[in-house]
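Encoded as structure tokens, the structure appears first; notes follow it.
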Amino acid sequence: LGLESERRFRRSRWQIRSTTGDYDSPVYDSGRLQGSSTSMTVPAGKLSNGTIYHWRVDYQDSRGLWASYSKETSFTTIEAAAAPPTVETVAASGVGSTSATLNLSLTSLGSASSALVSFEWGPGTAYGNPTTPQAMTSTGPFSHSLSGLSPATTYHFRAKAVGAGTSYGDDMTFTTASTPVA
């Protein structure tokens with residue numbers, strides 16, 4: 001964040017506060033800075049997203065005299081971008097002639113406190129069959145059992161996670177076993 005003042009000076013002191021008028025405990029105080037710049041950059045980690053801040057500056061002129069603080073001015077920081085959860089598709093397990101278990105790993109909740117995880121599956125990458133989403137409040141594995149599948153058939157599937165956005169795992173396949181010989 002860069003703040004600017006209209007005056008030229010030898011040294012300056014910038015103060016930022018989250019409430020108007022009281023600078024006894026500012027969020028940021030630059031101290032007396034050398035140089036004739038009319039702007040300064042606030043170090044990372046000093047400000048929060050989506051917050052109104054108030055600032056003022058005083059300066060030392062070319063004669064060495066310090067001016068009164070400037071009129072207080074305000075700005076608002078932008079909201080942080082929402083981060084979607086991240087999910088990985090894991091190989092299917094327990095594949096039989098008419099059943100299989102789909103597996104995923106939720107690797108991040110993103111910026112939400114929970115994520116709804118599910119699978120999309122079907123005979124091709126159009127999938128066509130979603131599973132019922134289940135809520136997860138922490139990262140880790142999740143699985144869903146399928147039944148009623150056709151023997152000797154290749155199926156595609158991928159993991160899906162919905163939170164502060166939607167993400168998908170990679171497409172994977174499994175092939176059901178042939179019908180057992182009687």
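The values are calculated or read from the model by the stated rules, or taken from the named source; none is laboratory data. Model, not experiment: these values are computed from the prediction. Here the Cβ is made from the backbone with ideal geometry for all residues, glycine too, and neighbour counts use every protein chain on show. All accessible areas refer to the heavy atoms of the entire protein, side chains included, with ligands and DNA or RNA removed. Shrake-Rupley method; radii C 1.70, N 1.55, O 1.52, S 1.80 Å.
Taking amide hydrogens as placed 1.01 Å from N in the peptide plane, the amide H of S99 sits under 5 Å from those of L149, each at least 5 positions away in sequence or on another chain. Rolling a 1.4 Å probe over the protein heavy atoms gives the chain an accessible area of 56 Å² per residue.
FRET efficiency for the pair T132 and N49, taken as 1/(1 + (r/R0)^6) with r the Cβ-Cβ distance and R0 = 22 Å, rounds to 0.05. Working from Cα pairs under 8 Å separated by at least six residues, relative contact order for the range 104-182 is 34 percent.
For the range 1-154, with all protein chains present and a 1.4 Å probe, just round the carbon and sulfur fraction of the accessible area to a whole percent. After summing per-atom areas, the C and S share lands at 48 percent. For a distance above 15 Å, tell me the whole-number percent of Cα pairs in the range 41-132 that qualify. Every Cα pair in the range 41-132 considered, those over 15 Å come to 78 percent. Projection of the Cα convex hull of the range 69-181, averaged over all directions and equal to a quarter of that hull's surface, yields 9.2 nm².
Temperature 25 °C, viscosity 0.890 mPa s: under these conditions the Stokes-Einstein estimate for the range 130-169, based on its Kirkwood radius over C-alpha pairs, is 195 µm² per second.
Short-range pairs are left out: with C-alpha atoms under 8 Å and at least six residues apart, the relative contact order of the chain is 19 percent.
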